[in-house]
Every structure is written in C-alpha cells, then in structure tokens.
Amino acid sequence: MRPISFFDIISSTKKNQERRISRMNIISNNQNSIYSIIKKFANYYRDLFTKKTFKMFFWVIISIISFDKIHSLRFIWNNFISKHMNSSLNSLYYFFSYSKWSLEKMMKRTVSLLLDIIPEELKDKKVLLIIDDTLQEKFGNKFAGHNSFFDHVRRNNSNYLKGNTFVCLAISIPVSQSENGIEYKTIPIGFRLYKKIKVN
C-alpha cells in the first residue's frame, strides 16, 4: 500500500466538502472524517508554528471548511472554535494579528509540496501560476484597504464598488495524462489585501 500523499489529502478534503456537512461528524476520529484528513494535511506545516499557534491554525482550517460563508472571526469563534478550544475570542484575534507564524513560509511550503507530487513522467510539463482578484463590498470606511474599485458585474447604475479587493495566487500542476490530454489541478497558494497607493 502506497503512503498517503499531499495530493491525496487535498483530493479527499475536496470530496468531503462536496458532501452535506450536516450529515457528517466533523470532529470524529474516523480516518475518513474532515477532522482526520485536515489533521494529516496540517501536519505538513507543523514546524512553522509553536504548539499553541498550531492548535489554533488547525481549528481555524476546520471551521472555515465547516461553513458555506464566514461572516467574521467572531462568527467562527462563536459557532465552532469556542466549542473545541479552552480559550478566548481574543486568542483568535491575537493569532492573526501578533503570532509569529509566517504566511510567506506557508506559501513556499505549499508550493514545494505540490511540485513534489507531480508525476515523474510529467515533470517537464508546464506549471501555471494564476493571479486573480475578488471584490468584497463593505459599508463605512473605517477599515484597512477601503476604496472604490471598478466592478464589471455591478447592476445598480454604478460600475464601482466600495469595499476591499483581495488578490489570489494559485498554482496549477499536471497530475495525469490520458488520450484526452493532460489533467491539471489548481490549488490556491495565498491571498493579499490590495491597498491602492496614492500618487501625488
């Protein structure tokens, strides 16, 4: 039996997401549960965190997967994380604002893991980097990155949306080849809040 790979974990996680969450025991220790799959996945990043911050990282991932829409950090704390961690909401804020883990190191680790799982016969094929952005409407102006952004799909007589825009970087790797061509899988690597620079 071959050892489980990083791609196996990603694929299994995607399959589990496609099921109805309400029918699953998310924190079951069953090897096919979201809990067990994400635990294997998260362990690839264990050395990038302290013991305490790794635990928070782990539960943040599971909570994000468990909901169709995340309204705020308070939302995932009240509805999920607080039920499984003996801590406070401030510890979640601290994790994102002051903890010493590095998003750049996480991105590099993800890329390294993905490049390692490209089949040997496809190592000479193209690997694609994809950049895209997404807009998030916000009300008020007392938040980071607030601005007016051009929106191609607006239908309220204005082509501009007030809020944030997030830039996403993804990598697409070849995973198999058949008579129909090469199959690629695309995995997000990281996100950044876009901030407009004012030019005088």
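FYI, it's all coordinate maths here, none of it is from the lab. The model shown is predicted, which means the values in this text are computed figures rather than measured ones. Here the Cβ is made from the backbone with ideal geometry for all residues, glycine too, and neighbour counts use every protein chain on show.
Computed extension length for D132-T186: 18.2 nm, one decimal, from 0.36 nm per residue of separation with the Cα-Cα distance subtracted. Computed over the stretch 33-131, the percent of Cα pairs more than 16 Å apart is 64.
Coupling constants for the stretch 56-69 follow from the phi torsions by the Karplus curve (6.51 cos²θ - 1.76 cosθ + 1.60, θ = phi - 60°), and in residue order they are 5, 3, 4, 6, 5, 4, 4, 5, 5, 5, 7, 10, 6, 9 Hz; glycine and proline get x. A Förster distance of 22 Å, applied to the separation of the beta-carbon atoms of E121 and N43, puts the FRET efficiency at 0.20. Would you please classify the overall shape of the stretch 114-158 from the alpha carbon gyration tensor, given that a ≥ b ≥ c denote the square roots of the eigenvalues, rounded means a/c under 1.5, and beyond that prolate means a/b larger than b/c while oblate covers the rest? Verdict is prolate for the stretch 114-158.
Here each label is just a point 7 Å from Cα along the line to Cβ, and for M85 and H71 those points are 2.0 nm apart. Near the amide H of Q177, within less than 5 Å, lie the amide hydrogens of E183, all on another chain or at least 5 residues away, with H placed in the peptide plane.
With Cα atoms as the point set, the radius of gyration and Dmax of the stretch 103-193 evaluate to 18.1, 54 Å.
The distance linking the stretch 29-93 with the stretch 128-175 is 26 Å (Cα centroid to Cα centroid, whole angstrom). Beyond 26 Å in Cα-Cα separation lie the following of the pairs K40/K195; K100/K198; K83/K195; K40/K100: K40/K195; K100/K198; K83/K195. Applying the Karplus relation 6.51 cos²θ - 1.76 cosθ + 1.60 with θ = phi - 60° to the stretch 44-51 yields 3J(HN,Hα) values of 5, 10, 4, 6, 8, 10, 7, 4 Hz, where x marks Gly and Pro.
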